[in-house]
1. Dipole magnitude of the protein assembly as shown about its Cα centre, charges +1 at Lys/Arg Cβ and -1 at Asp/Glu Cβ only, in debye to the nearest 20?
2. At 1.4 Å probe size, with no ligands or nucleic acids counted, give the accessible surface of B:I99 in Å², nearest ten.
3. May I ask you to report, in nm to one decimal and beginning with the shortest, the distances from A:E145 to the same position in the other copies, taking label points 7 Å along Cα-to-Cβ?
4. Counting helices only, and only those DSSP H runs with n ≥ 4, report the 222 nm mean residue ellipticity of the protein assembly as shown as the sum of -39,500 (n - 2.57) divided by its residues, in deg cm²/dmol to the nearest 500.
5. Say we join alpha carbon atoms closer than 10 Å with springs in a Gaussian network model of chain A; which of A:D64, A:D177, A:D18 then has the biggest fluctuation?
6. Using unit Cβ charges (K, R positive; D, E negative) and no other charged atoms, how large, in debye to the nearest 20, is the dipole of chain B about its Cα centre?
7. Starting from 0.36 nm per residue, how many nanometres of slack lie between B:R30 and B:D67 once their C-alpha separation is accounted for?
8. Give me the distance in nm between label points sitting 7 Å out from Cα along the Cα-to-Cβ direction at A:N171 and B:N171, one decimal.
Protein chains: 2
Amino acid sequence: VWAEELAEPGGRVTLADDESRYLARVCRAREGETVSLTDGRGGRAEGRIENLRPRVVVAIEGLDRADRARRGTLLCGPPEGQRFDWVVEKLAELGVAAIRPVHCRRAAWTSSSVRHERWTRLARGALQQSLGRFAMTVHPPATLESAVEEEAKASVSLFADIGGVPVRQLNLPVAGDVAYVVGPAEGLTDEEKTFLGARGFRAISLSENRLRTETAAIAWAAWWSGSCTSQD
Amino acid sequence: VWAEELAEPGGRVTLADDESRYLARVCRAREGETVSLTDGRGGRAEGRIENLRPRVVVAIEGLDRADRARRGTLLCGPPEGQRFDWVVEKLAELGVAAIRPVHCRRAAWTSSSVRHERWTRLARGALQQSLGRFAMTVHPPATLESAVEEEAKASVSLFADIGGVPVRQLNLPVAGDVAYVVGPAEGLTDEEKTFLGARGFRAISLSENRLRTETAAIAWAAWWSGSCTSQD
């Protein structure tokens with residue numbers, strides 16, 4: 001379960017309303033049961049439920065912290081309809097660090113298509129579901145140019161293109177930051193691809209088939225997530 | 001666009017109602033424009049639109065056929081809610097050959113959760129969208145045991161398990177058949193895992209995080225699709 005702040009062993013953590021409800025009603029947790037908490041910033045604590053109501057209080061028994069070994073960030077043009085909800089949920093499950101919605105030449109994010117609270121909730125739900133340690137951030141929409149600027153320090157920069165290098169021929173670094181751009185449903189323009197190329201982004205292809213925006217995003221995240229697992 | 005039967009160059013193909021409507025109304029195609037047709041069985045034809053109404057007639061100018069170099073098949077327990085719709089659409093985009101919904105110990109498919117017509121429509125839409133050559137088949141639900149029997153000839157058999165071998169350590173054969181099992185939202189039982197192991201299925205892990213059923217399915221398909229692209 002997510003907690004804003006963890007505590008050292010011996011300390012106590014009081015969960016927020018949403019998480020308290022989730023534990024008490026959805027999981028039907030009982031007093032005395034053990035529970036695993038994360039702050040979404042690398043901290044993970046084990047503890048025992050002392051009180052369920054009005055808010056869950058957990059007596060912390062163990063705490064450890066880890067740094068992200070590698071960050072994956074998606075820069076994404078608008079997909080069709082509400083498909084971005086899926087991108088948020090799936091990328092959070094797969095451990096991606098951040099998503100930057102980007103305005104593209106052929107399609108921009110509109111105020112009605114940006115549902116920031118919903119995305120934050122989906123990302124947090126996915127964190128709990130996946131027993132992950134790191135929360136995913138969804139940034140406000142920005143231009144492609146400024147988002148690329150923000151990710152200038154990435155050690156590997158890629159963009160989805162059916163004519164690109166097959167992803168299997170890439171050797172992603174196990175550590176370090178990867179930035180990955182997916183165009184909107186209407187695709188990136190040649191000008192945008194040229195711009196990305198000039199900024200060091202390599203065109204990669206994830207499939208023989210043409211993929212929708214959300215599919216290209218999730219396929220990349222799956223590839224990236226699978227390219228480093230704890231057993232390495 | 002999908003067509004039940006293609007024709008040799010010089011011949012004519014009349015599209016079905018759905019595909020005719022799609023071309024005329026959604027794509028706003030005009031007479032004289034070229035269009036690419038597939039029968040979903042490896043045939044791809046290029047032709048010119050002769051008539052738009054009442055049904056689209058295409059004069060075929062080129063035809064080529066290919067065999068599937070490799071087949072990927074998913075055996076999948078029921079995910080939560082309507083999430084299987086996404087599995088169908090995304091796996092069809094990624095070029096998976098077939099899905100077998102399987103009844104598992106902890107969760108079975110119910111008549112209300114099986115929406116075969118809808119899935120067939122989603123799979124065909126994804127084929128058109130992705131410019132693929134091969135249609136995906138969605139089989140009726142079966143027991144895990146009988147579905148495994150149907151896939152006994154697969155050259156690689158895998159199942160999703162967070163404790164399994166990291167997928168990056170696998171070297172999937174570029175040709176040949178791969179069968180992959182994902183448990184239901186409630187997970188596979190130890191007994192089911194033992195059964196799969198005895199039938200030659202290897203446990204693989206796609207992420208450090210615990211993945212939902214539909215995420216494990218799509219992540220595998222992305223991995224599988226990316227492990228062989230036409231540029232190889």
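The values are calculated or read from the model by the stated rules, or taken from the named source; none is laboratory data. Here the structure is a predicted model, which means the values were calculated and not measured. Quick reminder, even Gly has a Cβ in these numbers, built from the backbone with ideal geometry, and neighbours come from all protein chains shown. The protein model used for the area step is the full one, side chains on, heavy atoms only, and it has no ligands, DNA or RNA in it. Shrake-Rupley method; radii C 1.70, N 1.55, O 1.52, S 1.80 Å.
1. Values: 62 positive and 64 negative charges, 67 e Å.
With only Lys, Arg, Asp and Glu charged at Cβ, the dipole is about 320 debye.
2. 0 Å²
3. In ascending order, 6.6 nm.
4. Details: 12 runs with 120 residues, N = 464.
The per-residue figure over the protein assembly as shown is -7500 deg cm²/dmol.
5. Most flexible of the set in this elastic network: A:D18.
6. On the way: 31 positive and 32 negative charges, 63 e Å.
Approximately 300 debye in magnitude.
7. Values: separation 37, 0.36 × 37 = 13.32 nm, distance 3.17 nm.
Between B:R30 and B:D67, full extension yields an extra 10.2 nm.
8. 1.5 nm
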